[in-house]
1. Which of LYS16/LYS84; LYS231/LYS292; LYS250/LYS292; LYS189/LYS292; LYS250/LYS311; LYS250/LYS305 have a Cα-Cα distance over 23 Å?
2. Amide H neighbours of ASN198 under 5 Å, at least 5 residues apart or on other chains, H built in the peptide plane: list them.
3. Give me the distance in nm between label points sitting 7 Å out from Cα along the Cα-to-Cβ direction at GLU98 and LYS34, one decimal.
4. In whole Hz, what ³J(HN,Hα) sequence does segment 217-225 give by Karplus (6.51, -1.76, 1.60; θ = phi - 60°), x for Gly and Pro?
5. Could you name the aspartates and glutamates whose alpha carbon sits less than 17 Å from that of LYS37, not counting residues in the same chain fewer than 8 places away?
6. Among 231-238, 17-24, 305-312, how do they line up from the highest to the lowest mean number of other beta-carbon atoms within 10 Å?
7. Quick one: Karplus J couplings for segment 39-56, per residue in order, coefficients 6.51, -1.76, 1.60, θ = phi - 60°, nearest Hz, x for Gly and Pro?
8. Roughly what % of DSSP beta bridges within segment 10-168 run antiparallel, to the nearest 5?
Amino acid sequence: MRGHSLWPPQATEISKLIDDTFPLLERSVGVGVKVEKPLAPDLWWAQVDPGQLENALINLAVNARDAMPDGGRIAIKAENFRLKRRTRKQKVNLVPGEYVRISVQDNGSGMAEEVLARAFEPFFTTKAFGDGSGLGLSTVYGFAEQSGGSVSIDTQLGRGTTVNLFLPQAESIKTIVSSALPIETEGEKESILLVEDNADVRAFAATVLDNLNYTVIEAENGDDALVMFEKMPIDLLFSDVLLPGSLNGKALARTILARDPTLPVVLASGNWDLANSGGTSDVPEEAIVLQKPYTATQLSAIIQKLFDEQKSGRVGS
């Protein structure tokens, strides 16, 4: 199966990204958990994929919440970190350099030594079946390593856990992070058909939408998505443009809109996607194109806007 390459790292304003993601983090952990974000002044920018960083923060916040079943406090901290030289006592796998350190700290149950030793292993989990995948830490570890950084964990049984993300400082700040509308409302369990063949990108989008109280129905190609559309009620289609099989995202959108002309449609695409799938001439005029790479706040804002327009009767106007 063909998949998209992961989005390239870019100079990212960390303080703004955490501010923009904060409402989503609060919703992800729910009531009973207080979330704080003490950020250091003059925080450096980091060279990182902003979408993957948002996903990592959500994963870490949810893990922290699960370690505090009776409620508690989570602190999202960020500060500049300079490593001058490696030492034998160094806990984190970093080369000397300048980094932004983001720490997600909870006052929950903490980890036993045998759990800590396996925390970053793929598929390792202490959760009961049905209580979540337990893949958060291994995913975060892979993201940090691919970004040129690393992760460390400080934990004590009964006292809580701090997961530290070290991300390389951006060499320049020429890339400006796109602004997005703040997340002001949440969904009402509307059904969103999410079509994306890259498992990592699909998992990121599904996490964002699920945490905003939407019902997410996932498909990895257009043919499967069309079958799902025919079998169950769908309130919005969110599809990648390039898909394996006989239906790319634009063809899928045209087919579904022919059957339900009022359905809101969002097509996710990079310029390369459109250039290699017939350009923009066959994009349905009803569809909104969301540029890749997108962040959680950008995705949330556009979905929220479409549903608000639909409720007010302004879709397509």
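1. Details: LYS16/LYS84 27 Å; LYS231/LYS292 29 Å; LYS250/LYS292 16 Å; LYS189/LYS292 25 Å; LYS250/LYS311 25 Å; LYS250/LYS305 21 Å.
In this structure, LYS16/LYS84; LYS231/LYS292; LYS189/LYS292; LYS250/LYS311 lie more than 23 Å apart at Cα.
2. HIS4
3. For the pair GLU98/LYS34, the computed spacing is 3.5 nm.
4. 10, 9, 9, 9, 8, x, 5, 5, 4
5. In chain and number order, the partners are GLU13, ASP19, ASP20, GLU26, GLU54, GLU79, ASP106.
6. Details: 231-238: 16.9, 17-24: 20.6, 305-312: 14.6.
Ranked from most to least packed, the peptides come out as 17-24, 231-238, 305-312.
7. 10, 5, x, 6, 5, 5, 7, 10, 8, 7, 7, x, x, 5, 5, 4, 4, 4
8. 85
Bear in mind that the values in this text are calculations on the coordinates, not laboratory data. The structure displayed is predicted, hence computed values, not measured ones. We place every Cβ from the backbone using ideal geometry, glycine too, and count neighbours over all the protein chains shown.
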